[in-house]
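Presented below is the structure to which this report refers.
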Amino acid sequence: MPPEWAPHKATWLSWPHKLESWPGKFGPVPAVFAEIAAWLSTSEEVHINVLDDAMEHEARELVRADAHVGAVMERVFFHRIPTNDAWCRDHGPNYVFRKGNDNRFEKVILDWEYNAWGGKYEPYDDDNAVPRRVGDLQRIPVVSPGMVLEGGAIDVNGNGLLLTTESCLLNPNRNPAMSRKEIEDNLLNYLGARKVIWLGEGIAGDDTDGHVDDMSRFVSETVVVTAVEDDPEDENYSSLMDNYQRLKRCAGLDGSPLRIMKLPMPEPVYYDGERLPASYANFYIASSVVLVPTYRSSRDRKALDVLQECFPDRQVVGVDCTDLIWGLGAIHCITHEEPLTRC
């Protein structure tokens, strides 16, 4: 599995339509998707799953009219692939490369099982079918590992290392019949990694049981940015400090320590009395831009500066996700990269 910063052919999105995912606040959400799609179109192709002609028309006009950046509409494509919800990171196609008999690499889609984060939200049958439907559309081979795994639960450096969390992958609501070793072996085998780095608990408000993309992300083969909370009274303080200490003890395959960079957490974000899983770690790395969720917080600027240092050759852009995060996810949660074909 290539790292996210490897060159992309495209980014995949699933257009939002489930009102219950943003109860009482769905109205502004499609415009946030449109802003994200518009920015992505300046970098690469954007492929958007929609239910029907009416949804395509709505989405197309919103992307075209986005006031933040001029969308490159020639790079925006729509597909009649039905979905139950909009979280494409978790139900979308996981692209990997395998070497064929002729010694050439071919692109393959891994069709992991998807059960809506342990059966929390039904139905999810259309979401679970998205990878195979994309494979049929693209005429790309599809391989089914037979294990529940969401895209937000893992992060790779493209050179043998994989990040994940115990709270998510070892949760009995995912793969209760599999041992830790069996889960780890599957990750290594199908994703081409050689070492799994296990972190602990997730952040407050996260209904995924602790996805790693809300906390710690590779930004190069040897560098990890990880969210930290400076306030000892905040409920995220202990779990994020534990993850930071775990990372400080980690090494690459050659035994060299990883470089760990701290990424601030925003001030707590609440809506309707509920603590939301707002985190700057939920950024998305496209070919020429890095899209970072912001939350109208005094710490937004610091987070953008940290990530600009990590990606000096890309434009780091803040996208206001104050409305989007009410659905309990941000930019990384709604995007899924498709890498360029290797030869």
Q: Given the conditions (1) free of Cβ contacts under 8 Å to residues at least 24 places away in the same chain; (2) more than 22 Å from Pro7 (Cα to Cα), report the number of the one that Pro312 does not fulfil.
A: (2)
Q. Scanning for something of a type in the set (Lys, Arg) and more than 20 Å from the chain's Cα centre (by Cα), does segment 305-316 turn up at least one residue?
A. no
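Is it the case, given these coordinates, that Ala193 is over 25 Å from Ser21 (Cα atoms), of a type in the set (A, V, I, L, M, F, W, C) and in contact with a strand residue (DSSP E or B) (Cβ under 6 Å, 6 or more places away or on another chain)? Give the steps one after another, and end with the answer.
Working: over 25 Å from Ser21 (Cα atoms): yes; of a type in the set (A, V, I, L, M, F, W, C): yes; in contact with a strand residue (DSSP E or B) (Cβ under 6 Å, 6 or more places away or on another chain): yes.
Yes; evaluated as a whole, the condition is true for this residue.
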(Q) Val50 - would you say it is farther than 26 Å from Ile140 by Cα and under 24 Å from the mean Cα position of the chain (by Cα)? (A) no
Q. Wholly within segment 56-160, which strands (runs of 3 or more DSSP E) include no fewer than the required count, namely at least 1 residues that are of a type in the set (A, V, I, L, M), closer than 17 Å to Glu45 by Cβ and touching a residue at least 24 places away in the same chain (Cβ under 8 Å)?
A. 76-80, 105-110
Q. Just checking, how many residues over segment 29-47 are within 13 Å of Trp15 (Cβ to Cβ) and assigned to a helix (DSSP H, G or I)?
A. 8
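Can you tell me which residue is surrounded by the fewest Cβ atoms within 10 Å (Cβ to Cβ) among those in segment 170-186 that are within 30 Å of Arg275 (Cβ to Cβ) and touching a residue at least 24 places away in the same chain (Cβ under 8 Å)? Give the steps one after another, and end with the answer.
At the first step, the residues of segment 170-186 found to be within 30 Å of Arg275 (Cβ to Cβ) are 170-176, 180, 183.
Keeping just the survivors that are touching a residue at least 24 places away in the same chain (Cβ under 8 Å) gives 171, 173-175, 183.
Details: Asn171: 18, Asn173: 13, Arg174: 21, Asn175: 19, Ile183: 19.
Per the stated criteria, the residue is Asn173.
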Q: Can you confirm whether segment 36-44 contains a residue that is among the polar types (S, T, N, Q), surrounded by fewer than 20 Cβ atoms within 10 Å (Cβ to Cβ) and touching a residue at least 24 places away in the same chain (Cβ under 8 Å)?
A: yes
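No lab work stands behind these numbers, since they all come straight from the coordinates. Nothing here was measured: the structure is a model prediction, and the numbers come from that model. Please note: Cβ atoms are built from the backbone with ideal geometry, for glycine as well, and neighbour counts cover all protein chains shown.
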